[in-house]
Amino acid sequence: MLSLRVRPPTSFDFRRFNAGYLERQWRLSRDCFLSFSPKVEENRGVRFGVKSSKSEVSFTAAEEEETLPEELQPELMPKHVAIIMDGNGRWAKNRGLQPWDGHRAGVEALKEIVKLCGKWGIQVLTVFAFSTDNWIRPRIEIDFLFSLFERSLKSEFQNLAENNVRISIIGDSSKLPKSLLRVINEIEEVTKNNTRLQLIVAVGYSGKYDVLQACRGIAQRVKDGEIEVEEIDERLIEEELETNCTEFPYPDLLIRTSGELRVSNFLLWQLAYTELFFAQELWPDFGRSGFIEALTSFQQRQRRFGGRKS
């Protein structure tokens, strides 16, 4: 079942920027990121200042005691929520900012949703951070995204670990920077036994890639004599998918922001019976109220998995 809140889509064209100017601005923003980070205010605008602990992913004593919003029923909460975080570039363009400002605001939006998932009992949150299709973007933007991802992991590493959040990264890592891979390996190892919330970040990922690598893995096992062709079934394929890192590989709810109405090659096998919710807000604008609306819509649906209503 779908939930649609549609507006006419817009697109951001990086080609209209002068390459030299873009690179100079990117380097300036990269250097500034060492000492400054965006703070997203209630009106979702961005201002820059010295980084404060308010933007960190942490669950304070007061937050621990917070109950679910009255609109939500605890017994109907999804175990696994997946999000396509779309609209960072358009959000920045609408405000006369640079694309990387949108990406940094998107990180702040993600921190808020991670905190809410941890407080409201959602066990798995999977976010689409970088698609295999995104490799066609300008190299300057790609480099900034990976730098931002690495710095975000480093800055939130301790908070996530202390708050019992497990981090898993899925996708093709062969093209990722070595420094980023080292950070990923470390944070996955340190948080692997955490149980409060599993945050799965899809980087260099696509649904087609996932199914393809699973098929290759099964084919190799057949070649090695570990299994027979007749033994290949859905269970075996699921064991080879990248989401085998979690106890709950199938999202109950998929949220996509920015008004786009497609799944964009994300978790194609895993979304077979997932409820879909399309939000109009651009990702940096999608906060607590938007998340509550998506969860409320989910709880009002009847999931039959091919059966009939009793």
The answer for the per residue Cα convex hull volume of the stretch 70-189, in Å³, is 129
Can you run phi through the Karplus equation (6.51, -1.76, 1.60; θ = phi - 60°) for the stretch 231-244 and list ³J(HN,Hα) in whole Hz, with x for Gly and Pro?
7, 6, 9, 4, 4, 5, 4, 4, 5, 8, 5, 5, 7, 5
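Work out how much length Leu236 to Lys79 would gain on full extension: take 0.36 nm times their residue separation and subtract the Cα-Cα distance, in nm to one decimal.
Working: separation 157, 0.36 × 157 = 56.52 nm, distance 2.26 nm.
54.3 nm is the gain from fully extending Leu236 to Lys79.
Looking at the square roots a ≥ b ≥ c of the eigenvalues of the Cα gyration tensor of the stretch 151-310, which shape do they give, rounded for a/c under 1.5, prolate if a/b is larger than b/c, or oblate? Present the calculation step by step, with values, prior to reporting the outcome.
Details: a/c = 1.80, a/b = 1.10, b/c = 1.65.
Since a/c reaches 1.5 but b/c is at least a/b, the shape of the stretch 151-310 is classed as oblate.
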Phe248 long-range amide H proximity, modeled H, under 5 Å:
none
Taking amide hydrogens as modeled 1.01 Å from N in the peptide plane, which residues meet the under 5 Å criterion relative to Gln198, leaving out close sequence neighbours?
Val124, Leu125, Arg166
Using per-residue counts of other Cβ atoms within 10 Å, averaged over each peptide, order 175-187, 261-273, 85-97 from highest down.
85-97, 261-273, 175-187
Taking amide H atoms as placed 1.01 Å from N in the peptide plane, list the residues 5 or more away in sequence, or in a different chain, whose amide H sits under 5 Å from that of Asp86.
Thr257, Trp283
Mean accessible surface per residue for the stretch 177-285, computed with a 1.4 Å probe while every protein chain stays in place, in Å²
49
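The values are calculated or read from the model by the stated rules, or taken from the named source; none is laboratory data. Because the structure is predicted, anything quoted here is derived from the model rather than measured. Positions of Cβ are backbone-derived with ideal geometry, glycine not excepted, and every protein chain shown enters the neighbour counts. Keep in mind that these areas ignore ligands, DNA and RNA; they rest on the heavy atoms of the full protein, side chains included. Shrake-Rupley method; radii C 1.70, N 1.55, O 1.52, S 1.80 Å.
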